[in-house]
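What follows is a set of notes on a single structure, which appears directly below.
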Amino acid sequence: MTIPLVVGVDGSEASLEAVDWAADEAVRHEVPLHLLHAAPRDHEVSDVIGHASERAVKGAPTVRLSSEVLHDDAASALVDKGRNAFALALGSRGLGDLAGMLLGSVSLAVAARADCPVVVVRGAAEHRNDRFGSVVVGVEEGEGSGTAVQFALREAQVRRCRLVAVHAWSTQVGALTTAQAPSWYALEAHRRSPAQVLDDALRTPDEQYHDAQVSRRVIEGPARQALLEAASEADLLVVGARRRQGHLGLQLGLTNHALLHHAPCPIAVVPRI
């Protein structure tokens, strides 16, 4: 049985936009779509699932749809479902979030803890509706970004669009490409040019996704700025995240936190295997 793409719904407009995005994504990848609404036991459950189901079918009539309501903490319920999911899709803000918040607390918690890719559906309609024909992936030095690159290549292939692979670097001794980069980055960059780092990250997945159109961008400067600029003309931004040593969850780092709060398009956080 094919594992589903799971989308969290709470009745907010942001979660319904995530349903729209996830329904198209499920059809694109030929996987089922599963709608999940979590609420405390003493909370009156309205027809959140019914409205979300109608919206999913209206936007993607061929989607294979299922749904459920769980009486549990929303973040915990979604993380648990993510252990057997193609991906988790979430809105950028929920009903309970304070006005002015850039990213909802549930979305941030799930992005930091899930075992599967988490897509926070952000941005204006033009960024959510595949109008740019571009997927952007951030490539790091160090352990590599293999899982994120593979995810991004798969997205570019099924969307029949180009993949833009971005590697940002600095000439400063001890400078970091991202908050997670190791302290020996400057030495390693001296051994391999930034262009070589990017080529090495793309080489193995390229053999599997040989039809994908890939362009490379090597940029001297902060990774956050480079990726936000690239994402301004993208339908999806993909970044990787390490697992924290000795702790549950992922090491999102300052760069990924900034991207989750400010990305102009949907952003996928892909755990490294």
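The values are calculated or read from the model by the stated rules, or taken from the named source; none is laboratory data. Bear in mind the structure is a predicted one, so any value in this text is a computation, not a measurement. In this analysis, Cβ positions are derived from the backbone assuming ideal geometry, glycine residues included, and neighbour counts consider all displayed protein chains. The protein model used for the area step is the full one, side chains on, heavy atoms only, and it has no ligands, DNA or RNA in it. Shrake-Rupley method; radii C 1.70, N 1.55, O 1.52, S 1.80 Å.
Output yes when any residue across segment 172-179 is open to solvent by less than 60 Å² (accessible area, probe 1.4 Å), at pLDDT below 90 and over 23 Å from the mean Cα position of the chain (by Cα), and no when none is. Taking every residue of segment 172-179 in turn, at least one turns out to be open to solvent by less than 60 Å² (accessible area, probe 1.4 Å), at pLDDT below 90 and over 23 Å from the mean Cα position of the chain (by Cα). Annotation note: of 237, 198, 260, the sole residue that is modelled with pLDDT of 85 or more, in a strand (DSSP E or B) and either touching a helix residue (DSSP H, G or I) at 6+ places or on another chain (Cβ under 8 Å) or not assigned by the TED database to the domain that holds residue 106 (or both) is 237. In this entry, residue 64 is excluded by the filter for residues that are at pLDDT 95 or above and closer than 18 Å to residue 159 by Cα.
Just to be sure before I move on: is residue 26 under 24 Å from residue 135 (Cβ atoms), of a type outside the set (S, T, N, Q), open to solvent by less than 60 Å² (accessible area, probe 1.4 Å) and at pLDDT below 95 in the structure I sent? Answer is no for this residue. Are any of the residues in segment 37-48 open to solvent by 10 Å² or more (accessible area, probe 1.4 Å) and assigned to a helix (DSSP H, G or I)? Checked segment 37-48: at least one residue is open to solvent by 10 Å² or more (accessible area, probe 1.4 Å) and assigned to a helix (DSSP H, G or I). Within segment 62-81, residues that are assigned to a loop (DSSP other than H, G, I, E, B) have Cβ atoms under 7 Å from residues that are modelled with pLDDT under 95 and open to solvent by 50 Å² or more (accessible area, probe 1.4 Å) in these pairs: 71/40; 71/41, counting only partners at least 6 apart in sequence or on another chain. One residue stands out in segment 184-195 among those that are open to solvent by less than 100 Å² (accessible area, probe 1.4 Å) and not charged (D, E, K, R): the one that is modelled with the highest pLDDT, namely 195.
Across segment 108-146, the qualifying residues are those that are among the polar types (S, T, N, Q) and modelled with pLDDT of 90 or more, and the one among them that is surrounded by the most Cβ atoms within 10 Å (Cβ to Cβ) is 134.
For segment 216-237, filtered to residues that are closer than 18 Å to residue 131 by Cα, out of contact with any Phe, Trp or Tyr (no Cβ under 6 Å at 6 or more places or on another chain) and in contact (Cβ under 8 Å) with a residue 24 or more places away in the chain, the residue that is surrounded by the fewest Cβ atoms within 10 Å (Cβ to Cβ) is 232. Please determine, by comparing only the residues of segment 67-77 that are surrounded by 16 or more Cβ atoms within 10 Å (Cβ to Cβ) and under 21 Å from the mean Cα position of the chain (by Cα), which one is modelled with the highest pLDDT. The extreme case among them is 77.
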